[in-house]
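Peer 1: My questions all concern the structure below.
The values are calculated or read from the model by the stated rules, or taken from the named source; none is laboratory data. The shown structure was predicted, so the numbers you read here are calculated from the model rather than taken from an experiment. Counting neighbours? That spans all protein chains shown, and the Cβs are built from the backbone with ideal geometry, glycine included. Accessible surface is based on the protein model in full, side chains and every heavy atom, while ligands, DNA and RNA are left aside. Shrake-Rupley method; radii C 1.70, N 1.55, O 1.52, S 1.80 Å.
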Amino acid sequence: MSIDLAVIPVAGHGTRLLPATKSQPKEMLPVGRKPVVQYVAEELARSGMNRLLFITGARKTAIENHFDEDGELNSFLRHSGKENELAELDFEHCDIKYFYTRQRRQLGLGHAISCAQSFVGDQSFVVALGDSIIGIHAESDIVRRMVTVQEETQADVVIAFEEVPHADVSQYGIAQPKHFSGDVFELESVVEKPDPQEAPSNLAVAARYVFRPVIFEALAKTRPGKGGEIQLTDAIERILEEGGKGIGVRLAPQEHRYDIGNFESYFRAFVEFALADPVYGQGLQTHLKARWTTG
Ligand code: UTP
């Protein structure tokens with residue numbers, strides 16, 4: 001059976017976006033018209049996932065509420081003749097099963113993934129970070145491509161990578177490919193936040209993964225690193241060092257990763273999505289140009 005399960009970690013505190021994230025999940029912040037996590041769920045649904053497991057936390061119940069069917073709101077809109085607004089809730093009816101489990105302590109992304117172990121069992125699965133959108137309006141089939149690669153190669157780890165400016169490599173996990181050969185390449189290792197002079201490439205880990213369950217054994221052996229957190233990259237590195245197979249899949253140029261984890265990238269994402277809005281984009285562009293030229 002093809003991979004149909006995606007794990008979406010959304011339990012982090014989102015401290016870089018305070019105060020916006022004090023009482024609401026960062027994954028629920030809007031980018032254009034939708035909350036970030038809705039783009040992620042829609043991307044995964046289009047890529048063939050039909051079970052989504054959220055790794056969630058105490059202040060994240062808004063995410064569960066968002067994906068519930070809201071009968072009262074639906075019937076209010078129907079009875080008020082608000083058919084267009086009703087259509088905005090169509091995502092509630094998509095053919096997806098939602099599951100939730102809590103990460104009881106925020107001990108890092110690696111620890112969040114390990115909370116999925118008993119649900120995942122012995123199948124391969126996708127991980128999609130709940131704070132990152134791939135491509136404008138999430139129009140990407142990267143997960144489908146990664147699943148195909150995993151099924152063809154039986155790789156232990158498949159990771160999406162995006163080319164970033166060389167000067168920025170120290171902010172990311174960076175691929176060290178075995179050979180540079182196109183959009184799909186075998187991985188020697190992943191180097192966490194290298195100096196630009198020493199970076200093996202400018203291909204940055206981009207928020208989408210496919211794992212065989214061997215990741216759980218690697219996570220269990222991974223000791224906490226900076227800030228007491230269990231880093232996913234450390235567990236991936238362990239798999240590769242022990243001879244496991246890792247494959248990188250490059251994002252296409254139009255599949256930019258919008259990471260909304262800090263204000264700079266969140267603002268950029270919001271503005272780009274708003275400018276691409278089919279109804280308001282053109283007017284916003286005109287407005288911004290006028291503001292600019294009049295100072
Ligand atoms: P980040 O490291 O960017 O999220 O994790 P964070 O910890 O919320 O951010 P800051 O540094 O405090 O601002 C990327 C994804 O992993 C999830 C986050 O919710 C986010 O979607 N995550 C992170 C967890 O689920 N659990 C964790 O312990 C950490």
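Peer 1: Within the stretch 118-132, which residues are in contact (Cβ under 8 Å) with a residue 12 or more places away in the chain, out of contact with any Leu (no Cβ under 8 Å at 6 or more places or on another chain) and surrounded by fewer than 21 Cβ atoms within 10 Å (Cβ to Cβ)?
Peer 2: Across the stretch 118-132, the qualifying residues are G121, D122.
Peer 1: I'd like the full set of residues that are assigned to a strand (DSSP E or B), open to solvent by 10 Å² or more (accessible area, probe 1.4 Å) and closer than 21 Å to I113 by Cβ, limited to the stretch 151-172.
Peer 2: E162
Peer 1: Take the stretch 195-233 and flag every residue that is within 16 Å of the ligand (Cβ to nearest atom), under 23 Å from D4 (Cβ atoms) and among the aliphatic types (A, V, I, L, M).
Peer 2: A206, A207, I215, L219, L232 - these are the residues of the stretch 195-233 that are within 16 Å of the ligand (Cβ to nearest atom), under 23 Å from D4 (Cβ atoms) and among the aliphatic types (A, V, I, L, M).
Peer 1: Limited to the stretch 33-50, what total is found for residues that are more than 13 Å from the chain's Cα centre (by Cα) and either aliphatic (A, V, I, L, M) or open to solvent by 50 Å² or more (accessible area, probe 1.4 Å) (or both)?
Peer 2: Counting residues in the stretch 33-50 that are more than 13 Å from the chain's Cα centre (by Cα) and either aliphatic (A, V, I, L, M) or open to solvent by 50 Å² or more (accessible area, probe 1.4 Å) (or both) gives 6.
Peer 1: Given the structure, is I63 in a helix (DSSP H, G or I) and either within 14 Å of the ligand (Cβ to nearest atom) or closer than 20 Å to R257 by Cβ (or both)?
Peer 2: Taking the combined requirement at face value, the residue satisfies it.
Peer 1: Among F91, F54, which is the only one that is over 23 Å from F263 (Cα atoms), among the hydrophobic types (A, V, I, L, M, F, W, C), touching a helix residue (DSSP H, G or I) at 6+ places or on another chain (Cβ under 7 Å) and outside any strand (DSSP E or B)?
Peer 2: Testing whether each residue is over 23 Å from F263 (Cα atoms), among the hydrophobic types (A, V, I, L, M, F, W, C), touching a helix residue (DSSP H, G or I) at 6+ places or on another chain (Cβ under 7 Å) and outside any strand (DSSP E or B) leaves just F91.
Peer 1: Please work out if F99 is assigned to a helix (DSSP H, G or I), open to solvent by 30 Å² or more (accessible area, probe 1.4 Å), in contact with a Leu (Cβ under 6 Å, 6 or more places away or on another chain) and within 16 Å of the ligand (Cβ to nearest atom).
Peer 2: It is false that F99 is assigned to a helix (DSSP H, G or I), open to solvent by 30 Å² or more (accessible area, probe 1.4 Å), in contact with a Leu (Cβ under 6 Å, 6 or more places away or on another chain) and within 16 Å of the ligand (Cβ to nearest atom).
Peer 1: Of everything in the stretch 260-276, what is part of a loop (DSSP other than H, G, I, E, B) and either within 15 Å of the ligand (Cβ to nearest atom) or of a type in the set (D, E) (or both)? Give them in sequence order.
Peer 2: Of everything in the stretch 260-276, those that are part of a loop (DSSP other than H, G, I, E, B) and either within 15 Å of the ligand (Cβ to nearest atom) or of a type in the set (D, E) (or both) turn out to be I260, G261, N262.
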